[in-house]
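The values are calculated or read from the model by the stated rules, or taken from the named source; none is laboratory data. Note that the coordinates shown come from a computational prediction; the quantities given were computed from them, not determined experimentally. Neighbour counts run over all protein chains shown; Cβ positions are idealised from the backbone, glycine included. The accessibility values were calculated without ligands, DNA or RNA, using every heavy atom of the protein model including side chains. Shrake-Rupley method; radii C 1.70, N 1.55, O 1.52, S 1.80 Å.
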Amino acid sequence: MDRKLLRRLVMLLIVSLLALGLAACSTKEVDQEVDNDGKEANQPGTEVDEEAEFKSLVIGYEMDYESLDHIRTANYSDALILMLDRLVSRDYDFTYQPGLAKEWKISDDSLTWTFYLKEGVTFHDGKPFTADDVKWTFDQILDPDVGSPAAGDFSPIKEVNVIDEYTVDLVLEHAFPNLLFVISATVAGIGSQEAYEEYGDEYGSNYVIGTGPYKFKEWVRGDKIVLEINPDYEWGPDWAVDASIDEIVMRTIPEETSRIMEIEAGNVHILRDTSATIIERLRDSDTVDIHDGDAPRLGYLAYATDKEPFTDVRVRRAINHAINKEEIVEYIFRDNATVAHGYLPPMLTDEYYQGSEAAGYEYSKEKAIQLLEEAGYGDGLTLKLSAENNSEMTQFAQVIQNQLGEVGIEVEIQLYDSSSYVAMLREGEQELFLRVYNWLNADILDWFLESSQFPFPNHSRWIDDKTDELIATARSASSWEERAVGYHEVQKHLIEQAVWTPVYHPTRSVAVRKDVMNFKFHPWQTQFQELDLE
């Protein structure tokens, strides 16, 4: 090879290497541009694109909420669970686990509970979380001037004492084995005094500040609540939230047909609570799975017990006898429910009164008519029945209307959207009305039926010294076992007085699109551990 040819080959090699180097540099620059714009990075097969993919999970709900101020509302959105951490959390088995408190201890006399708080936690506005925030939150709930509906649940707490920046004592009036449940509930989410003072009346509508894995973004009433991921969240319990989802959109879709269409079209990923009608249609879907199981729920017919004719126990008992629960479970809920006899769901194995059916009221039109005649209503009654205007409750109301009509009680149905329904109950305008609760603790009876809760959430307006006495005895029991027995006595009394007409325990059914990965059924609320989207 002559020198000229060798020089030309060397030059070609140098040019080729330079070209490869420039190409590599160009690729790196392009990758950097893609990495800075996640929405343009949806090219499968590259590590950069997968990291930048923006994931928005949409959940459909039947109704909206009245407020996101968790201390002052009795109507809790799932959004609050994700925005506000509690001192104590509960895992899938309802076992108590650390939350904002890393550990706790109980004094020998069971009257002082000391909570040791996690350090390095910050609120969504950047303010550090300390023991002062725990004291402020619990003091707010206990303050009569605030009017928190949860004040009764917290009433065994005599005082909250800050020991140091990361240690707080809860001092009790008496032994209270239900304390961990109370402070792990949604209302016990730790708030920020500074945020409340800064945002004033707009807090709970346009602003919510917590320490949770998701932050408030916006709330369009009647339409949606939008949460965005908290990028600083590092203190959550391992079992709770693996934040693979960038944004959670909680849409309100009251109309049942629209909910079906939206999940079938892929505009909604999860329908949180699915009615029996929807289940029938979606079970054979190629794109949606149904996850269902027992739940701590009760559907019931109630009445304003301080108004005529419901002040007469014979009328209340007549209504109990007039309701054919088997028919309702079979024809309205398509057997996606079980007949209810007591005031608590059987899932509460310790607290549920096993003698509820024997002590209750069998279906008997003859007994109902006889009791109405004894009460002076042999010529019949005309009453107003209120319900929410979703399809399931509308059907439920129509069946109740027919069944009561068969014993001489004429019923006029009045339907409300969810927020108007709560407002109507707050105003005390109800006569007969339908409700469903979802709660995993016997203290739901305190919530709805203790005199101190009048007029709301004690919407059946039940003022009764014996009920108060029995609840107080159960609540102040020194052990969980004694407490459970105490609530058996509460239920016996409520059944005898026919304060409500328990009708059914709904199965919990959740519709989930197949592109949602790692969904785990939970009998109470949506869980987000390892939840992801394809």
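For beta carbons closer than 6 Å, sequence separation of 6+ or different chains, a first residue in the stretch 340-358 that is open to solvent by 60 Å² or more (accessible area, probe 1.4 Å) and a second that is of a type outside the set (S, T, N, Q), the qualifying pairs are Pro346/Tyr352; Met347/Asp294; Met347/Pro296; Asp350/Ala484; Glu357/His341. For the stretch 107-150, the set of residues classified as of a type in the set (A, V, I, L, M) and surrounded by 13 or more Cβ atoms within 10 Å (Cβ to Cβ) consists of Leu111, Leu117, Val121, Ala131, Val134, Ile141, Leu142, Ala150, listed by residue number. The residues listed here are Arg435, Arg508; of these, the one that is more than 24 Å from Phe176 (Cα to Cα), touching a residue at least 40 places away in the same chain (Cβ under 8 Å) and out of contact with any helix residue (DSSP H, G or I) (no Cβ under 9 Å at 6 or more places or on another chain) is Arg508. Listed conditions (1) open to solvent by less than 30 Å² (accessible area, probe 1.4 Å); (2) at pLDDT below 95; (3) more than 21 Å from the chain's Cα centre (by Cα) are all met by Gln453, apart from (3).
Could you tell me whether any residue of the stretch 258-273 is out of contact with any Gly (no Cβ under 6 Å at 6 or more places or on another chain), modelled with pLDDT of 85 or more, over 17 Å from Val512 (Cβ atoms) and of a type in the set (Ser, Thr, Tyr)? Yes, the stretch 258-273 contains at least one residue that is out of contact with any Gly (no Cβ under 6 Å at 6 or more places or on another chain), modelled with pLDDT of 85 or more, over 17 Å from Val512 (Cβ atoms) and of a type in the set (Ser, Thr, Tyr).
In the stretch 78-105, the qualifying residues are those that are open to solvent by 20 Å² or more (accessible area, probe 1.4 Å) and free of Cβ contacts under 8 Å to residues at least 24 places away in the same chain, and the one that is nearest to Val249 (Cα to Cα) is Asp93.
Whenever a residue of the stretch 54-77 is farther than 27 Å from Leu415 by Cβ and touching a residue at least 24 places away in the same chain (Cβ under 8 Å), its partners that are aromatic (Phe, Trp, Tyr) and in a loop (DSSP other than H, G, I, E, B), lying with C-beta atoms within less than 7 angstrom and at least six residues away or across chains, give the pairs His70/Tyr76. Exactly one residue out of Ala131, Ala188, Ala150 is of a type in the set (A, V, I, L, M, F, W, C) and at pLDDT below 95, and it is Ala150. Screening the stretch 98-168 for strands (runs of 3 or more DSSP E) wholly inside it with 2 or more residues that are in contact with a Lys or Arg (Cβ under 9 Å, 6 or more places away or on another chain) and of a type in the set (Ser, Thr, Tyr) returns the ranges 112-117. Inside the stretch 185-212, can you point out the residues that are in a loop (DSSP other than H, G, I, E, B), of a type in the set (Gly, Ala, Ser) and crowded, with 18+ Cβ neighbours inside 10 Å? Residues satisfying the conditions are Ala185, Gly189, Gly191, Ser192, Gly204, Gly210, Gly212.
Scanning the stretch 455-500 for residues that are free of Cβ contacts under 8 Å to residues at least 12 places away in the same chain and aliphatic (A, V, I, L, M) returns Ala472, Val485.
If I filter the stretch 287-310 for residues that are among the charged types (D, E, K, R), closer than 21 Å to Ile190 by Cα, touching a Lys or Arg at 6+ places or on another chain (Cβ under 6 Å) and surrounded by fewer than 19 Cβ atoms within 10 Å (Cβ to Cβ), do I get at least one hit? Among the residues of the stretch 287-310, not one is among the charged types (D, E, K, R), closer than 21 Å to Ile190 by Cα, touching a Lys or Arg at 6+ places or on another chain (Cβ under 6 Å) and surrounded by fewer than 19 Cβ atoms within 10 Å (Cβ to Cβ), which makes the answer no.
Filtering Ala302, Ala318 for residues that are under 24 Å from the mean Cα position of the chain (by Cα) and of a type in the set (Gly, Ala, Ser) leaves a single hit, Ala302.
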